[in-house]
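Report on one structure; see the data block that follows.
Each reported figure results from applying straightforward, stated rules to the coordinates on display, with no laboratory input. In this text the structure is predicted, and so the values were computed from the model without any measurement. As a convention, Cβ positions derive from the backbone with ideal geometry for all residues, glycine included, and neighbour counts pool all protein chains shown.
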Amino acid sequence: MSGLGKTYWPEIISTLRSIIPIYNRVNRVISLGKDADYRRMCLNKQLRFGDRILDAGSGFGNMSKLARIEMNGNIEVILYDPIIEMLQVGRSLDDKSDLSIELSSGVFEYLPFRNNIFDAVLCGYSLRDAIHLKDAIAEFHRILKPNGRLLIVDLGKPDQIFLDALVRIYLKYVLGFLAFAVAGSNGLGFRALYGTYKRWPKNSELRKLLEAEFSEVKFRKYMMGGAVIIAAIK
């Protein structure tokens, strides 16, 4: 089963907790400046005024902040993340958080929400951290309304051996150098991305997992397939 598994997942969560102070700064650099651009592209024309949105694996709420800007604040947002400290930092960074967002903590595989209540679920660089990917996708499908959208931006894993090798080299070697240059030894925690990549399905396999649950899947690849933007429609 695709996903980090119950053994490796706690290690990744611990690593993410340790890099909270430098997360945004380093993420910007190791994504070659594309992290926010890809989030905006993922959201573009996918949301409607008044939508109820779950920002799944929200971290600081970077994805939903862009969504609120696009919708002029006319959406309802719940930040959902397994790391409570991430949620607390996200709230402290948002001047209007007490008025416009709710916080909830838990894992993707057991969402504490009723069926058919969200218009959209956002996964900004977070879906690959699922414990069991198939179960997480099924849960997102369950809580979405009919015609609801699962919007994903994440690492891609090219099907082509050569391109996969290039992405692996970047994540295993170049990424660590960049993270160290930006944040010193603290930045080396970002090398854990390589471990999540190894457990991440190839792009074609991820598409099949989504198509097993959703009626329509729009799958776009960037950076030679090393980045993906996906809209899955219930």
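My understanding is that a pair violates if its Cα-Cα distance is over 27 Å; which of K6/K198; K145/K198; K45/K221 do that in this structure?
Long pairs (Cα-Cα over 27 Å): K145/K198.
So what is the relative contact order of segment 191-234, in percent, for Cα pairs below 8 Å that sit 6 or more residues apart?
31
Place a point 7 Å from Cα of S105 in the direction of its Cβ. Which residues in segment 1-27 have their backbone N less than 17 Å from it?
10-21
Using r as the Cβ-Cβ distance of R91 and R52, and R0 as 22 Å, what FRET efficiency do you calculate, to the nearest 0.05?
0.70
Given labels modelled 7 Å from the Cα in the Cβ direction, how far is it in nm from I117 to F177?
4.9
Going by how many other Cβ atoms sit within 10 Å of their own, how do S2, S215 line up, fewest first?
Placing the least packed residue first, the sequence is S215, S2.
Once R0 is set to 30 Å, what does the formula 1/(1 + (r/R0)^6) return for the Cβ-Cβ distance between N147 and I84, expressed as a FRET efficiency to the nearest 0.05?
0.40
Mean separation of Cα pairs under 8 Å and 6+ residues apart, divided by the residue count of the chain: what relative contact order is that in percent?
In percent, rounded to a whole number, it is 24.
Place a +1 charge on the Cβ of each Lys and Arg in the chain and a -1 charge on the Cβ of each Asp and Glu, then give the dipole magnitude about the Cα centre in debye, rounded to the nearest 20.
Taking the Cα centre of the chain as origin, the dipole is about 580 debye.
Which distance in nm do the two modelled labels at K218 and R25 give, with both placed 7 Å along the Cα-to-Cβ direction?
3.7
Find, to one decimal place in angstroms, the Kirkwood hydrodynamic radius of the chain, where the mean of 1/r is taken over every pair of different Cα atoms and then inverted.
By the Kirkwood definition, the hydrodynamic radius is 17.7 Å.
Do you know the relative contact order of segment 101-182, to the nearest whole percent, from alpha carbon pairs under 8 angstrom that are 6+ apart?
Computed over segment 101-182, the figure is 31 percent.
Can you tell me the FRET efficiency between A165 and E11 if r is taken as the Cβ-Cβ distance and R0 is 25 Å, rounded to the nearest 0.05?
According to the calculation, E is roughly 0.50.
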